[in-house]
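Down below is the structure, laid out as structure tokens.
The values are calculated or read from the model by the stated rules, or taken from the named source; none is laboratory data. Given the structure is predicted, the values throughout are model-derived calculations rather than measurements. Here Cβ is always computed from backbone atoms with ideal geometry, including for glycine, and neighbour counts include all displayed protein chains. In case anyone asks, the SASA skips ligands and DNA or RNA and just uses the protein heavy atoms, side chains included. Shrake-Rupley method; radii C 1.70, N 1.55, O 1.52, S 1.80 Å.
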Amino acid sequence: MSKKLLLEIVTPDHKVLSQDVDYVGAPGALGEFGVLPSHIPFLSALGIGNLYYKDEGRTHYVFVSGGFAEVTPEKVTILAEAAEKAADIDTERARKAQDRAQQRLARAQEKIDYARAQASLRRSIARMNCRNSGEKAGTC
Ligand code: ATP
């Protein structure tokens, strides 16, 4: 049997995933990084985007937003502010969040919190992409 890597994804309120996998690709704050078993240890901040992992030849997608990743040769631990498996993403909710954020950003003259509205927009788009990717891969 080939060597595996334990992937654990947790948020402040629940454990999203704990599974042996073959590969993890994650959205680091400075760009995507990939991890195979026996990787050298490192820590990275996470951005907003889609983590994916490969298991038994299939690719699974998980939305993650903010937090940290800790990599050791045997394990990847994701401590995210928010995370959802593709199958758990409510696309309609994400679409409404996108509309709200776009409306806020369109009110250019008013005092709005741009960084907050932009982050909300990025989360909503990443959630919809995650769900689409999972559906295309047939894993959600
Ligand atoms: P919303 O405005 O719809 O709450 P948001 O981007 O502000 O979206 P977050 O602050 O990232 O939401 O997450 C708050 C909680 O709601 C988290 O537990 C997250 O997992 C969950 N969540 C947010 N959006 C969705 C979604 N579209 N589908 C499933 N869970 C979601």
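A few notes on this one:
- Of all residues in region 5-32, those that are without any contact (Cβ under 8 Å) to a residue 60 or more places away in the chain and among the charged types (D, E, K, R) have Cβ atoms under 8 Å from Cβ atoms of residues that are surrounded by 16 or more Cβ atoms within 10 Å (Cβ to Cβ) and outside any strand (DSSP E or B), 6 or more apart or on another chain, in Asp22/Pro37.
- Of the residues Arg116, Arg127, the single one that is more than 20 Å from Tyr23 (Cα to Cα), open to solvent by 40 Å² or more (accessible area, probe 1.4 Å), at pLDDT 95 or above and within 13 Å of the ligand (Cβ to nearest atom) is Arg127.
- Restricting Lys75, Lys96 to residues that are assigned by TED's automatic domain parsing to the domain that holds Met128 and either within 16 Å of the ligand (Cβ to nearest atom) or surrounded by 14 or more Cβ atoms within 10 Å (Cβ to Cβ) (or both) narrows the list to Lys96.
- Reported count of residues in region 84-113, each being of a type in the set (Lys, Arg) and at pLDDT below 95, is 3.
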